[in-house]
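Every read-out reported here was derived from the displayed coordinates using simple, explicitly stated rules and does not represent laboratory data. Given the structure is predicted, the values throughout are model-derived calculations rather than measurements. Every residue, glycine as well, gets a Cβ built from its backbone with ideal geometry; the counts of neighbours run over all protein chains shown.
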Amino acid sequence: MQDIVLAQVAKFGGAANFSCGVAAITGLLSHWLYFINGPKSMDAAGIVVFHAIALSMLLARTVLSYGFYDGLVVYAAISGSYFAALYTSIGVYRIFFHPLRKFPGPFPARITKFYSMWANRDWKLHDRILKLHEKLGDVVRLGPNEISVSDIDTYIKFHGPQSKVTKRWTGFYGALASKHELNLDAIWENEAHRDRRRVWDTALGTKALERYEEETRAVLRAWLGRIEEVEGKPIDTALYAKLIPFDNMGRVGFSHNFGTVQDGRDDRMLELIETSFKLAARMGGISWPLMLLSSIPRFGMVKEFEGLGARLVDERMATDSEQSHDMMKYFLDDYKSEKPKSFRNINVLYSDSLAILIGATDTISCALGYSFYFLAKDPTLRQRLYDEIAPAHSKTVPGEFAVADLAKIEYLDAFINETLRMHPPAATNGPRVVPPEGVTLADGTYITGGVTVFTPLHVYQRSSKYWKQPNEFIPERWTTRPDLIIDRRAFVPFHYGRFDCVGKRLAMNVIRMTVAYTLWNYDFEVAPGENAERLHRESKFQLIVKPGSLNCVFKKRPEAYSS
């Protein structure tokens, strides 16, 4: 096609041919002087605007000079020469001259980041990355300027207190901005993150968590009531694994009862969260389209999502009082103070409100979904856990379980730890960019500045380097079989370092209480005709791993009637 266009251009004489040559040289220089220098996702909007203006001016010039039809032909030739030279230069450089050329990886990944979109075509990107590491080693090239590293010493070095690898320049975190403010998870500046984290740490401190327990009990009473309504009939545990933490976070975060557990169906907010994650995951980690979308006025579902989050905050502010005990209370106290530590304007509150809902819903739902799966398959496991939790019932709170008592049950935590090891919610972890001076991996390998690095949690927690029988579910490895753990540092379901999961204690509390209250009141198993492996088959990596459906049948324990 390009040859045909150029042949047509030849009849217009030297001026058009000269313009094509200049365009080709410009394409080469664009790569050599600009695009070659590290990630450009953060500049996506500027790049698109610049090219749109330049191409519009070129189109106008050629049409005015050669007439409409001939002008279009000349325009296509000149712009085609520019892009052909640009992309040819980029392709040759990425294959033969890029600093990452020596690292193994799928050949298409050397040329284009669109490989990641293809790799996640069936929502199994995390499993595909695991297989690549098993085949190719600790360092795998997943994109033209991107590697995945599965060495635990490097992971600790990258995420430790002295690390200089950064969230900045990835483009991914910038796309998470809402109302032009970054939420806690997206902040890349250490001081700004530290100040915001202090408020969150207080909101999720020991005293606060004690107050939140009753809210979790209220959600679980609704869960048990829902089971009672459908007792003996199949119920999708994956659905309720999502609804339980969502309702809990509504109460704990905003003193708001969404009531999804009682209704047995998704809330609109949940649908929007799932849609937004699905879109980002479908892009396969390509961040520039997300940055481009984030730079234009919100519309459609994105606007609706932000609006619902803002409405939650506004409603909560209208009812604020000294008697309020939820996470938003701590945020509002900082916002209303004379010298706020971090919540300096209302948009920061709006942005972090979405972080509350997302962070405490999707991560816990993954853990609960797989917890129900392992329990439903194994009656011996269910009975063992029931026997372990029985002495804790009514120990501190009459007729109830208390988190302080459940946290002391070694086998309960072993079960949860093994579930999280097998299926960490944030399977691939977020990207980081190497600083300009570069970094050295634990094995001495040098990585040049500007490279994007992934440290995939799923790979660490399934690696035979760090675990014996890594693909087998064995809770005893955390109790009586420590020989099955080669390097415990590789257990990082809530991440590590200054950017670790701020809500990990709350998450553990909700999982402990859900497992305990469910097993205390009901025995359950995979529903007749259901294939338990459907949960794996239908699981999806959408930034967070989402388990597939699993229908179970519940039967009330005789002893529960008298408890």
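For the reader, a short list of remarks on this structure follows.
- Between segment 174-235 and segment 101-117, the alpha-carbon centres lie 37 Å apart.
- The alpha-carbon of K377 sits under 16 angstrom from the alpha-carbons of these lysines, leaving out residues fewer than 8 places away in its chain: K555.
- Charged-residue dipole, Cβ positions (Lys, Arg, Asp, Glu), segment 174-562 about Cα centre, Debye nearest 20: 600 debye
- For the chain, the longest principal axis of the Cα atoms and the long axis of helix 44-66 meet at an angle of about 30 degrees.
- Dipole orientation for the chain: of the candidates V252, G143, G369, G143 has the Cα lying most toward the positive pole (charges on Cβ; Lys, Arg +1; Asp, Glu -1).
- Straight-distance crosslink candidates among lysines, where the alpha carbon sits under 27 Å from K329 and sequence neighbours closer than 8 are dropped: K179, K207, K242, K303, K339, K341, K504
- Between the beta carbons of V397 and Y34, assuming R0 = 41 Å, the FRET efficiency works out to 0.05 to the nearest 0.05.
- Nearest 10 degrees, 0 to 90: helix 268-282 Cα axis against the chain principal axis: 50 degrees
- Whether segment 254-403 is rounded, prolate or oblate, judged on the alpha carbon gyration tensor where a/c under 1.5 counts as rounded: oblate
- Modelled FRET efficiency - R0 41 Å, D320 with A390, Cβ distances, 0.05 increments: 0.50
- As a rough footprinting exposure proxy, the listed residues T275, T170 were ranked by other beta carbons within 10 Å of their own, and the order from fewest upward is T275, T170.
- Largest to smallest principal axis extent of the C-alpha atoms in the chain, angstrom: 96, 55, 49
- Against the chain, whose longest principal axis comes from its Cα atoms, helix 346-359 is set at around 70 degrees.
- Between the beta carbons of Y87 and E437, assuming R0 = 35 Å, the FRET efficiency works out to 0.75 to the nearest 0.05.
- Peptide packing: for 57-68, 442-453, the average count of neighbouring Cβ atoms within 10 Å per residue gives the ranking 442-453, 57-68, highest mean first.
- Counting only aspartates and glutamates at least 8 places from K113 when in the same chain, those with an alpha carbon closer than 13 Å to its own are E146.
- The sum of -39500 (n - 2.57) across all DSSP H runs of n ≥ 4, divided by the residue count of the chain, sets its helix-only mean residue ellipticity at 222 nm to -16500 deg cm²/dmol.
- Largest-first ellipsoid semi-axes for segment 383-540, taking √(5λ) over the Cα gyration tensor eigenvalues, angstrom: 35, 19, 16
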